[in-house]
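The values are calculated or read from the model by the stated rules, or taken from the named source; none is laboratory data. Everything numeric here is computed off the predicted structure, so don't read it as measured data. Counting neighbours? That spans all protein chains shown, and the Cβs are built from the backbone with ideal geometry, glycine included. When the accessible area is computed, the model is the full protein with side chains, heavy atoms only, and any ligands, DNA or RNA have been set aside. Shrake-Rupley method; radii C 1.70, N 1.55, O 1.52, S 1.80 Å.
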Amino acid sequence: MLHEILLSLAGLSSPIWDDLKAEDDDSLRKHTSPAEREMLQTLAELADLHSRLREATSTLSSSHPSPTCRAVTNRIATCHLRRFVKKVVDVETLILQEDAQYVGAYKIVPLSTIVTEFQPWARPLRWLSKLMQLLQSPTSLPCSAAKLFAFLHKEGQTGYTDIKDLSGDLLITAQQAWVQSLTPWLLYGQLPNFGAADFMIHSVQANNDIEYILQPSLIPYFITTGVADAILAVGKTLNQIKSRLWSGPQHNRTSSNMCTILMPASLNQIKALSYPLQPNAITHAIESINDAISQAALSHLLPMNMILDFLTIAHDYVLLRKGEFSASLIKQAEECLVASQATTATSKAARKPSGLEFLTFNEADVSNALSKTWSELSTFLSDHEFDDPLREKASSWLRLKMSSSSLPISTLLPRPASLVLELPNDSPLHIFVSSSDLQRYSTLNAYLVSLRRAEAQLAKLWAIPAYRRYRTIPTASLSTTRKSQQQVQRRSAREDTRNRKTSSYFHGEVLDKNWNQLQSWLWSTPTTRPTSSQPSSRPTTASSKLCAMRESTESVNSRRRDDPRIIAIAHRRYLEALYHSLLLSNEAYINALRSLLNTIDHFVALFRRLQAVRQSLDLQLDEEIPNALPQYAKEEQDLMAELSRTNSTLASQVHELVTQMREADKQYESRDLSSGIAGIALTSGTDDMFEPVKTRTLDRLLMKLDSLATDTEDEVFEDALINAEDD
């Protein structure tokens, strides 16, 4: 019987335990006392636990989707269960040698001695069985490495020494396996070939590019949020260097090989880790790897001058600091619109503001408008400005395209269109700027161009001398009333003033101040470029000062932020601040502004048609052709009536816009622009992360708009006096 007991404890099947449960007269149960049956039940439980553990570990070590869990089950089978089998073999050997520790008088081996020898294994085997239940989770939701780490860490604090030692050993095994999965990401920027679903970083498809994101539920307890972000940044950087630059010029390939040179140092940092892992130790290792990549690879691949060139081009052309560029672009877009109208034989201004949506445009027509813009600007440049490398880069990077995605506001053409920054595929700037950043620039550009276009259209109307004087026509039936004339003139002037003040606020208070703040952060000495309320139409101080800073790179090298990833985070915070400060995140304001801009387009179209009708009337009066006069006279009356109606619509829409701006101002006061913007300090010395400038609220702008509203009330009183005079 003793031989069968030891065989069953060693993991082999034995009929002795079935015989113990039998009730017949020849069964073992009938020949043992209750105390002996209790001791045998203890040994039977150990045998059963060992047998089930062997079976579970054999299955899980070859089928579990997590490499960390496989490593733990393999450690249980090859170490702890093997130690239990070795204990059984040692006991059997001593019994066969008739050792006095086990064999008593008359060569009798007391059952209590055997039970006492194996009793300390009861709690570890039960605990291992509990661990197997965790690892044998359903296939739809398998146990992850993060759950396993949390379980082992918690069980190591139960107070039992044997469980603490056992869980500690398995925790070290699990951490070593997890670090092996982490190593390809830190060395090559690659996800592990096996067990990628259990890794804390996943790849997703976004805009024809592969993006890498963190899965919070898969992050182990010993990895802090900052370290997880740093790990993500290291692998993303290596992956971008490899995927973006390998197909580029030879010097880029040499730069990419620099990452291979850094590999031994990174590998040594990983090998130097001691187990069990401590948060401070792994944080130090990740920071060392990150600093090496930043200083030796990124700074060489993506110099500061290249980042400054990109930021300057984006600010000057996409965000419209160069007023002459935006004016020429709007002009060429208008000419493109007129040409399309002539092609489709459009005769009148449509009554609905959306009446031009039927016009057809293709990418060639839109691109031609931008090409003409560059050609027109080149005629005004001096020899020094003509050779400006930034202008050449801007002309090669910028594209005017019709947007397939919905833009909040875009009125440059009847269909949504905006400037798009298209960087070469092999450009190192892809490490600095993401596709979402480029899309955000396009959204800001469409918004700012729409405001600038409305301002330019109203300014042109007010600049026409014929509409600033009362027109006198010999025929009384052709003359418009003095009241309608004055109302339309005042509405045009008021809308022009409102647009100028709004555009001035957005460019002066928001764009320029945030731009200066970003420059001040990039350099230890803030720039002294004056902030004007109106964007300059000539390339003067800002570009020259940036060139001067660019030339003095070596003298201030120790005072700037050299890590492109740190600058990239600051750049995203900068874009986020612009997006919210320009009220693009306020849907109610955007809807009100879109309606107002569409009505202004309709207002301008009516004015242009009225001008054409009056020119025809004057020509027919001069040539004395009375038969056609009633037709034009009727059209003039209809146009004036429509202008009067549009005038009232504009007044109500302006009131709604100011109301929404007031509501947005209340939300703006209680909102911190820096909250919710993702940013991490990737190096230990980066405590002064970029903070967007907290611009003043909309109070000043609203006060100016309120003053215009007061002027409107005074004009209503004047209209009443005019009506009294007409009566």
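Search the structure for amide H atoms under 5 Å from the amide H of residue 420, placed 1.01 Å from N in the peptide plane, and list their residues when 5 or more places away or on another chain.
Close amide H contacts, sequence-distant or interchain: 399, 400, 401.
Along its three principal axes, how long is segment 123-191 when you only count alpha carbons? Whole Å, largest extent first please.
43, 29, 15
Where the Cα atoms of segment 40-187 are projected onto their three principal axes, how long is each span, largest first, in whole Å?
66, 30, 29
Please work out the Cα center distance from segment 49-86 to segment 221-239, rounded to the nearest Å.
Cα centroid of segment 49-86 versus Cα centroid of segment 221-239: 31 Å apart.
For segment 134-245, taking Cα atoms only, what is the radius of gyration to one decimal and the Dmax to the nearest whole Å?
16.1, 55
Taking N as the number of residues in segment 47-108, what value does Rg over Cα atoms divided by 2.2 N^0.38 Å take?
That works out to 1.58 for segment 47-108.
Quick one: which of 141-153, 388-400 comes out on top by average Cβ neighbours within 10 Å, and what's the full order, highest first?
141-153, 388-400
Accessible area per residue of segment 87-183 at 1.4 Å probe, in Å²?
Value for segment 87-183: 52 Å² per residue.
Would you mind checking 331/401; 322/460; 87/130; 460/513 for any pair whose Cα atoms are more than 26 angstrom apart?
Violating the 26 Å limit, Cα to Cα: 460/513.
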